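J.: First the structure, then my questions, so here it is.
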Amino acid sequence: MMRVCFMLAALCGVALAGSDSGIAGEWEGEYICTGVRAACVDEHVIWTFKDPDRDGHVSASTDKVVGGVRQNMGSGEFQFDAKTETMTWKIPLGIWKFTRKKDAMDGILTLNDGQVARNVSLKRVVR
C-alpha cells in the first residue's frame, strides 16, 4: 500500500511539473506606443517564456529586433493565472499584463498613474 502511495505521489509530481500551460517558448510581435510617453518607440520584439512553476511564476525575457539583430531589453517574472490565461508583471514603471488566446497574446503596459503606455501583439513562433 505504501509503495502505491509513493508511486501515485511521484506520478502527480511529474504531471504537475510537466504540465503545458501553452505559454513556454518564443512569441514575436510588436510594441505600439500610445503617445503617453515621449521617449516611447514602436518596436519589433521577441519574448521568451518558460512554463509556470508550481506557484504560477513565469520566467520571461524580451529582445527588441534592430536591423535584424536581437538586443536583450531585460528579463523578469510574470504571475500566471491559468483560469483567465493572463500574466502580470509589476515593474517600477507600472504593470505588464498579457492575455493568451491560443497562439496569440495581447498585452498592455499600464503606468503607475493608470495610463496605458504600450500595446503589445504577439504570435507564437513555430519552428
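What follows draws every value from the coordinates through simple rules; no lab data is involved. These numbers were taken from a predicted model, which means no experiment stands behind them. Cβ coordinates were reconstructed from backbone atoms using ideal geometry, including for glycine residues, and neighbour counts include every protein chain displayed.
J.: All but one of (1) assigned to a strand (DSSP E or B); (2) touching a residue at least 60 places away in the same chain (Cβ under 8 Å); (3) among the aliphatic types (A, V, I, L, M) hold for residue 23, so report the exception by its number.
T.: Among (1) assigned to a strand (DSSP E or B); (2) touching a residue at least 60 places away in the same chain (Cβ under 8 Å); (3) among the aliphatic types (A, V, I, L, M), residue 23 violates only (1).
J.: Please go through the stretch 108-127 and give me each residue that is within 16 Å of residue 35 (Cα to Cα) and part of a strand (DSSP E or B), ordered by number.
T.: Scanning the stretch 108-127 gives 108, 109, 110, 111, 116, 117, 118, 119, 120.
J.: Still on this structure: Quickly run through the stretch 56-90 and pick out the residues that are in contact with a strand residue (DSSP E or B) (Cβ under 7 Å, 6 or more places away or on another chain), exposed (fewer than 13 other Cβ atoms within 10 Å of the Cβ) and either hydrophobic (A, V, I, L, M, F, W, C) or within 14 Å of residue 31 (Cβ to Cβ) (or both).
T.: 71, 74
J.: Considering only residues of the stretch 91-127 that are under 17 Å from residue 74 (Cβ atoms) and of a type in the set (Val, Ile, Thr), which is surrounded by the most Cβ atoms within 10 Å (Cβ to Cβ)?
T.: So the residue we want is 120.
J.: Just the residues that are of a type in the set (Lys, Arg), outside any loop (DSSP other than H, G, I, E, B) and either within 20 Å of residue 46 (Cβ to Cβ) or in contact (Cβ under 8 Å) with a residue 12 or more places away in the chain (or both), please, taken from the stretch 86-103.
T.: 97, 100, 101
J.: Further, regarding this structure: In the stretch 108-127, is there at least one residue being of a type in the set (Gly, Ala, Ser), free of Cβ contacts under 8 Å to residues at least 60 places away in the same chain and touching a strand residue (DSSP E or B) at 6+ places or on another chain (Cβ under 8 Å)?
T.: So far as the stretch 108-127 goes, no, none of its residues is of a type in the set (Gly, Ala, Ser), free of Cβ contacts under 8 Å to residues at least 60 places away in the same chain and touching a strand residue (DSSP E or B) at 6+ places or on another chain (Cβ under 8 Å).
J.: On the given criteria, is residue 54 in contact with a helix residue (DSSP H, G or I) (Cβ under 8 Å, 6 or more places away or on another chain) and over 27 Å from residue 39 (Cβ atoms)?
T.: yes
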